[in-house]
Amino acid sequence: MEFKFKQANSIDYKSVTPEYLFNERRRFLKLGVGGIVGVLSVDSLLADIARELKYKSMSKDEMLKLNGEVLHLTSEELATSYNNFYEFGYSKSDPKKKGDSLKVSPWEISIEGEIKNPMKIELENLISKVNLVERVYRFRCVEAWSMVVPWIGFELRELIKMVEPTKKAKYIQFTTLYDPEQFPMQGGFFGLNIGRNASFLDFPYKECLRLDEAMHPLTLLAVGMYKKRLLPQNGAPIRLVVPWKYGYKMIKSINKIEFLEEQPISTWEAENPKEYGFYGNVDPEVSHPRWSQSSERVIGQRGRIPTLYLNGYAKDVEHLYAGLDRTKLY
Ligand code: MTE
């Protein structure tokens, strides 16, 4: 199915895109293309985007720049074959191999809890109500590897405004679909349906953000990447993307969004609270108990690069954590 989306806005492209490409983008917007977003078909928009960003035509076409460091867009092949999605298995290759069991359409999302407008909404209907944007973000896994991924999605704050949180709402919790028929590991090890408690993680996978983190314009619900719909291995049909947090916060295949008054315990925090916290903020100075977080292996490249505080997005988001002890925000 086709969808319509808007190219990344200037803030985001400026921070990750070389200046000459950013200037191209401004020219593009001046021509008025930005103004008719939502009317163009995805195909014509993709053609324009491909031309504007020149990913395909330049020799170092996939180089992006952030905070003075040169980054490379991770190849689509790697980003869709080296995955963490424990519902499909514990090896990086399992999600791609086993992802076909997930039925991504139709897909209903239940939005509930401390809101004025609770709803169950079909994903395509939700997509028709929001502005899809493309954003190129750094992606840093807690296992100290990283990628750079071009997402397509919408700002989570659009959905939050739609459902009108009550004054009590302080947190927003996301839950992955629970269906052992579609996610073999939810039934137990090796696909044996020996009961939920036999699984390594307590499924369904849950993650949570503070409401102000969720309202930040960088926070996305992604429905696509590399200019296409998400594939099952990457969390189809809809997943969370919060670029300054470790990848485990970026919950996949979401079918429930709940607004809460109290801070809940997320899946990894419940699994091992000494190693995984509520925040999951990327911080090179706060080591994981079993390894340093000061550098990262860039998937698809040789060697390691230094890890940046809040994954390079500190100027945009560090105010959210003013006064809090950094060592407690892992
Ligand atoms: N969401 C669910 N439901 N199940 C998972 O196992 N793994 C997380 C996150 N979201 C996970 C999940 C982890 S640990 C990472 S690093 C990212 O997804 C990986 O996303 P990617 O495979 O698209 O790179």
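Per-structure values
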| read-out | value |
| --- | --- |
| Segment 197-330 - accessible surface per residue (Å², probe 1.4 Å) | 39 |
| Surface share of carbon and sulfur [accessible, 1.4 angstrom probe, percent] for segment 199-330 | 54 |
| Sequence-distant residues sharing a close amide H with residue 132 (under 5 Å, placed H) | 6 |
| Residues in segment 238-261 that a label on residue 304 would reach, taking backbone N under 20 Å of a point 7 Å out along Cα→Cβ | 245-248 |
| Built amide H within the under 5 Å cut-off of residue 230, gap 5+ | 224, 225 |
| Shape category assigned to segment 176-328 from the gyration tensor of Cα positions, a/c cut at 1.5 | rounded |
| Sparse-neighbourhood loop sites, trypsin sites (Lys or Arg not before Pro) in segment 238-276 - DSSP loop, at most 14 other Cβ within 10 angstrom | 274 |
| Other-chain or far-sequence residues with amide H under 5 Å of residue 107's (modelled H) | 123, 124 |
| Using a Förster distance of 35 Å, the FRET efficiency for residue 100-residue 211 (Cβ separation, nearest 0.05) | 0.45 |
| Gain on full stretching of the segment that runs from residue 78 to residue 145 - 0.36 nm per residue minus C-alpha separation | 22.9 nm |
| Entries in 245/315; 96/170; 103/161 that, when Cα-Cα distance is taken, lie over 24 Å | 96/170; 103/161 |
| Cβ-defined net charge surrounding residue 244, 11 Å radius [Lys, Arg +1; Asp, Glu -1] | +1 |
| Cα→Cβ-extended label distance, 7 Å offset, between residue 285 and residue 324, nm | 1.6 |
| Cα-based shape type of segment 198-238, given that a ≥ b ≥ c are square roots of the gyration tensor eigenvalues and the cut on a/c is 1.5 | oblate |
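The values are calculated or read from the model by the stated rules, or taken from the named source; none is laboratory data. Treat the numbers as computed from the prediction; the structure is a model and nothing was measured. Methodologically, a virtual Cβ is constructed for each residue, glycine included, from the backbone with ideal geometry; neighbour enumeration extends over all protein chains shown. For accessibility, only protein heavy atoms count, side chains too; no ligands or nucleic acids. Shrake-Rupley method; radii C 1.70, N 1.55, O 1.52, S 1.80 Å.
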